[in-house]
Amino acid sequence: MTETDIRFTIDGQACLAKPGQTIYEAAKANGVYIPVLCHFDGLKPVGSCRICTVRVAGRYMAACTQPVTEGMAVENAVPDLEDMRKALIEMLFVEGNHFCPSCEKSGNCELQALAYRYQVMVPRFPYLWPVRTVDAGTPLIMLDRNRCIQCLRCVRGVRAKDGRKVFAMVERGAHLTVEVDRKLAARLSEEEAREAMDLCPVGAILRKETGFAVPIGKRKYDHAPIGSAVEKGTGR
Amino acid sequence: MAQLKDIVPKHPKDPAALLDVVRDVQAAFGHVSEAAIGRIAEHLGLSEAEVRGAVTFYHFFSLAPRGASTVYLNDSITSRMKGRTAVARAFEEEAGCRFGEVSADGAIGLFPTSCIGMNDQEPSAIVDGVVFTSLTPDRARAIVRGLRSGTPAREQVGPLGDGANQSDLVRAMVVNNIRERGPVLFGAHERGAAVRKAVAMAPDQVIEEIKKAGLLGRGGAGFPTGLKWEFCRREKSPRRFVVCNGDEGEPGTFKDRVILTELAPLLFEGMTVAGYAIGAERGILYLRSEYAYLRDHLESVLAGFRQDGLLGRHIAGKDFDFDIVIKSGAGAYICGEESALLESAEGKRGEPRDRPPFPVQKGYLDEPTTVNNVETLAAAARIIVEGAAWFKAMGTPQSAGTKLLSVSGDCERPGVYEVAYGLTVADLLEKAGGAGAKAVQVGGPSGTCVPPAGFGRRICFSDLATGGSIIVFGPDRDIFEIVENFMDFFVEESCGWCVPCRAGNVLLKKTFEKIVKGKGTEADLRDLETWGQMIKCTSRCGLGQTSPNPILTTLKGFPELYEARIRKGEAFVPAIDLEAAIRVGCAAANRQPECKESLYD
Ligand SMILES: Cc1cc2nc3c(=O)[nH]c(=O)nc-3n(C[C@H](O)[C@H](O)[C@H](O)COP(=O)(O)O)c2cc1C
Ligand code: SF4
């Protein structure tokens, strides 16, 4: 512990944080897993999926955006919060069109992995079966909006050389959807296209012309459940 | 004919100009075409996707043509109660298209829109930027015929309303309906007195006076105004901003409209006092685009202030410079949320920001900013003149002063009432002539639906807090129709950023509808409650955090209505009609089921 360390607790467990750290970052550094979906280390947090919702002194907040303060007592893995997280995951499933068995991202998909972790069997919500479109009009990537969860990772992380955003959100509310700028996307390199796909937590952004290079059953979350690395103290 | 090459380059090559360019393009062409998107993106150094993102966020911008003339008919519950359905049908018949469409000749586009701030004179519509109030089917037809025969909307206006609505700069049909004038807002005020008195004090003294007065924000959240100003002043920064929230989007409120029409000088004095107190040189009035008809009037008041040394350099002869600009919205309720407002004022999609940092720390252009409601600022100006003690003596101990209420719906005297805090709902019904009310909606859709048993409750921060919207529902009104209208409003106006508000409200409404259709079970009723609480707890901003209130507060106030609709004792009732669904399936497959009698009895 150093002078500037901030003392706080998560579910009663004593933890230390560096000044400026968010609850999520500090939890991770202390080996406590707080589930996140829209968040991606290195990108500005946006608090859009709300799956990291925690409670402090009766107030609900997103762990990915909220800085830790001295003496904070964070409630994290308590039953009612865990149920809300599960509900949010279920909402994402019914809000889009997710057919895991035919998805290139199956096994590497963070939404699917969270659903396994939270033991989602049948969503409590009615399916909405929205009509969503696929945009394959760019050379290297395919945008399948059926699987998009509006996490804004691509909006935040994929930029053209001059800094312009390659992806942007259009419409609002239930019609909110992601749009790829065809002109800028046409100039993405192979490497950048692959990075865009890796950034996407689900199977909404796919690299064209390659697929199933790693067979299902041998993918990231086929080996270990999401969050287990944090809990074992070995990172993400 | 206007040309893109004349419109776009007029604007600075700065992404912050995005909404201004789009507004000009939309006004000139009735939509923002693909060509325009490309040109705007190029000019501002944005991607085309981003430009499209901003265009599609705001209700009054569109990618597809909206007609040579465009009718936006208010869709608030009060509009419906006052005859919207017949007016809408008249518009459709005369225009030859449905709402959401443009007529085949391209002359008329018909679109619904969320409450436009005219709830005391419904049904109302905005036609090519011109407000028409108290519409009848005949008037609707006449407007469309006029537009088709070349008479612009502004030449069809009449009769004019009262007060400044009659001035050459406004010329609107809007009536003020000022029913009760209280001492704070409508008390006698000498123009410029607040500014002159404030600049003679030290900024800290001004803040102290506002704090002592106990002024709480009038926009809904009720944050102490003096404290907000103090926080802002304390931030270390060479630049600070005063922002006035003139978005007034909560359905049923229109009191800021009346202040902007009749008391604009008082408001601008309040902004100037705030600027002096926090150390800002610039104020911004964010004006909802529904009130664009007031813009020339407001600009002329500002010009008068500049002429009289109440704005500009060395105000009232002191070493204090301050000026005010007006920025327009473009149709989005969420832009009333202060951080979304700041995004919009910066020319972006109006999506709320995460807090911290709060606007007093990082607001407009990331500089310390106070955002206050129109009424809050007007009241602050009066406090400076009359003193904290005078203000504190009115209202209740926790809710000092008066509140301007917008009363509409089933009452004889709709309009604005400036009343001391602590008034009961029953007192207000008495004043407004709302005898026999079945329910009173306090605080708009995001507030509380109060049943008669609650009419003894008080309008104040510690009981029924409200930004000012009061809607009276008469004995024959259908509570479920009201709830449905309110939920539609939230679904329509959610920015969509976060999951619980974006998806949760759609799901909540589906289950609500299932119950209303008589297909609900006790489990569905419990779901309404738990899902509603979940949306409140996990949503990112005030919109989502209050969006289930229409359902939750009526579950509480009118449980018997819900109980009567559900199928007691049945464990599961499907939301869909299985037999009908099977028939569709059979038709698609061109096969008939083998058993003829009903499958599910
Ligand atoms: C969805 C939403 C809409 C809002 N709309 C308005 C509005 O139209 N006008 C307003 O003054 N405040 C509105 N507010 C409250 C503002 O966020 C903010 O609290 C207020 O402008 C602060 O001013 P005050 O302290 O003077 O009330 C809204 C809040 C939310 C969450
Ligand atoms: S609560 Fe609703 S309006 Fe607020 S950020 Fe979330 S989606 Fe947008």
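Every number here is computed from the coordinates shown, using simple stated rules; none is lab data. Given the structure is predicted, the values throughout are model-derived calculations rather than measurements. Cβ coordinates were reconstructed from backbone atoms using ideal geometry, including for glycine residues, and neighbour counts include every protein chain displayed.
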Taking placed amide H atoms and a strict 5 Å upper bound, the residues 5 or more places from B:Ile324 or on another chain that come that close are B:Gly283
Within chain A, longest stretch clear of exposed GluC sites (Glu not before Pro) (DSSP loop, no more than 10 other Cβ within 10 Å): A:71-208
Sequence order, the stretch A:140-153: Karplus ³J(HN,Hα) from phi using 6.51 cos²θ - 1.76 cosθ + 1.60, θ = phi - 60°, Hz rounded, Gly and Pro as x, gives 9, 10, 10, 10, 9, 5, 4, 9, 5, 10, 6, 7, 6, 5
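Per the helix-only calculation at 222 nm, which mean residue ellipticity applies to chain B, given -39500 (n - 2.57) for every DSSP H run of n ≥ 4 and division by its residues, nearest 500 deg cm²/dmol?
Computed mean residue ellipticity for chain B: -12000 deg cm²/dmol.
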How big is the dipole moment of the stretch A:6-77 about its Cα centre under a simple scheme where the beta carbon of each Lys and Arg is +1, that of each Asp and Glu is -1, and everything else is neutral? Debye, nearest 20, please. 120 debye
Given Cα pairs under 8 Å that are at least 6 residues apart, what percent is the relative contact order of chain B? 12 percent
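Please compute, for peptide B:317-325, the average count of beta-carbon atoms on other protein chains lying within 10 Å of each residue's beta-carbon. Working shown, then result.
Numbers: counts 0, 0, 0, 0, 0, 0, 0, 0, 0.
What the average comes to for B:317-325 is 0.
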Apply the Karplus curve 6.51 cos²θ - 1.76 cosθ + 1.60, θ = phi - 60°, to the phi angles in the stretch A:198-210 and return the couplings in whole Hz, x for Gly and Pro. 5, 5, 5, x, 10, x, 7, 10, 10, 6, 6, 6, 10
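Share of Cα-Cα pairs in the stretch B:184-392 beyond 27 Å, in percent?
Details: 4692 of 21736 pairs.
Looking at the stretch B:184-392, the distances longer than 27 Å represent 22 percent of pairs.
Out of the trypsin sites (Lys or Arg not before Pro) in the stretch B:1-59, which ones are loop residues according to DSSP with at most 12 other C-beta atoms within 10 Å?
Details: sites: B:Lys5, B:Lys10, B:Lys13, B:Arg23, B:Arg39, B:Arg52; in loops: B:Lys13.
Filter output for the stretch B:1-59: B:Lys13.
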Within straight-line cross-link reach of B:Lys438, lysines at Cα separation under 28 Å, skipping those fewer than 8 residues along the same chain: B:Lys82, B:Lys255, B:Lys403, B:Lys509, B:Lys510, B:Lys514, B:Lys517, B:Lys519, B:Lys536, B:Lys556, B:Lys568
Counting only residues 5 or more apart in sequence or on a different chain, those whose built amide H sits under 5 Å from that of B:Phe254 are B:Ser406
Under the definition of partner shielding as Cβ atoms of other protein chains within 10 Å of a residue Cβ, what is the mean value for peptide A:57-70? 2
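Let me know the charge dipole size of the stretch A:86-210 about its Cα centre in debye, to the nearest 20, where only the beta-carbon of Lys, Arg (+1) and Asp, Glu (-1) is charged. Walk me through the numbers before you get to the answer.
Details: 20 positive and 16 negative charges, 52 e Å.
Dipole size: approximately 260 debye.
Per-residue Cβ counts within 10 Å, from other chains only, averaged over B:353-363: what number is that?
On the way: counts 3, 10, 3, 4, 1, 0, 0, 0, 0, 0, 0.
Mean shielding by partner chains, rounded to a whole number: 2.
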The ³J(HN,Hα) series, computed from each phi in the stretch B:358-369 with the Karplus coefficients 6.51, -1.76 and 1.60 at θ = phi - 60°, rounded to the nearest Hz and given as x for glycine or proline, is 7, x, 5, 8, 9, x, 5, 6, 6, 9, x, 9
Checking understanding here: applying a Kyte-Doolittle mean of at least 0.0 and a length along the axis of at least 20 Å (C-alpha), which whole DSSP H helices in chain B pass? B:264-278, B:479-493
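Hey, got the dipole for chain B? About the Cα centre, +1 on K and R Cβ, -1 on D and E Cβ, debye to the nearest 20?
Values: 71 positive and 78 negative charges, 139 e Å.
Approximately 660 debye in magnitude.
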Restricting the stretch A:87-179 to trypsin sites (Lys or Arg not before Pro) in coil, as DSSP defines it, with at most 12 other Cβ within 10 Å: A:Lys161
Within the set of other residues whose C-beta is less than 15 Å from the C-beta of B:Pro65, count the net charge using Lys and Arg as +1 and Asp and Glu as -1. -3
Partner aspartates and glutamates for A:Lys165 [C-alpha distance under 15 Å; skip if fewer than 8 residues away on the same chain]: A:Glu179, A:Asp181, A:Glu192, A:Glu195, B:Glu42, B:Glu48, B:Glu50
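With N set to the number of residues, divide the alpha-carbon radius of gyration of the stretch B:528-597 by 2.2 N^0.38 Å and report two decimals. Don't skip to the answer; put the middle values down first.
Details: Rg = 19.3 Å, N = 70, 2.2 N^0.38 = 11.1 Å.
With N residues counted in the stretch B:528-597, Rg over 2.2 N^0.38 Å equals 1.75.
From the Cα trace of chain B, what convex hull volume per residue do you get, rounded to a whole Å³? The partial results should precede the final answer.
On the way: hull volume 103.7 nm³, N = 601.
In chain B, the Cα convex hull volume per residue is 172 Å³.
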When we measure straight from the Cα of A:Lys161, which lysines land under 28 angstrom away, once same-chain ones fewer than 8 places off are left out? A:Lys44, A:Lys105, A:Lys183, A:Lys208, B:Lys5, B:Lys10, B:Lys13, B:Lys348
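If I stretch the segment between B:Arg141 and B:Asp476 completely, what's the gain in nm (0.36 nm per residue apart, minus their alpha carbon distance), one decimal?
Contour length minus the Cα-Cα distance gives 117.7 nm.
Net charge near B:Arg567, counting Lys/Arg +1 and Asp/Glu -1 over other residues with Cβ under 12 Å of its Cβ? Before the final figure, lay out each step's value.
Numbers: positive: B:Lys514, B:Lys517, B:Lys519, B:Arg565, B:Lys568; negative: B:Glu522, B:Asp524, B:Glu563, B:Glu570.
Charge balance in the 12 Å sphere: +1.
Pop the C-beta distance of A:Val134 and A:Thr9 into the FRET formula with R0 = 30 Å and round what comes out to the nearest 0.05.
Values: r = 46 Å, r/R0 = 1.55.
Plugging the Cβ-Cβ distance into 1/(1 + (r/R0)^6) gives 0.05.
If you take the square roots of the eigenvalues of the alpha-carbon gyration tensor of the protein assembly as shown and sort them as a ≥ b ≥ c, do you get rounded (a/c under 1.5), prolate (a/b over b/c) or oblate?
Values: a/c = 1.40, a/b = 1.25, b/c = 1.12.
Rounded is the answer for the protein assembly as shown, as its axis ratio a/c remains below 1.5.
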Are there any chymotrypsin sites (Phe, Trp or Tyr not before Pro) in the stretch A:109-172 that are in a DSSP loop and have at most 13 other Cβ atoms within 10 Å? List them by number. A:Tyr127
How much net charge surrounds A:Ala57 when only other residues with a Cβ under 15 Å from its Cβ are counted (Lys, Arg +1; Asp, Glu -1)? -1
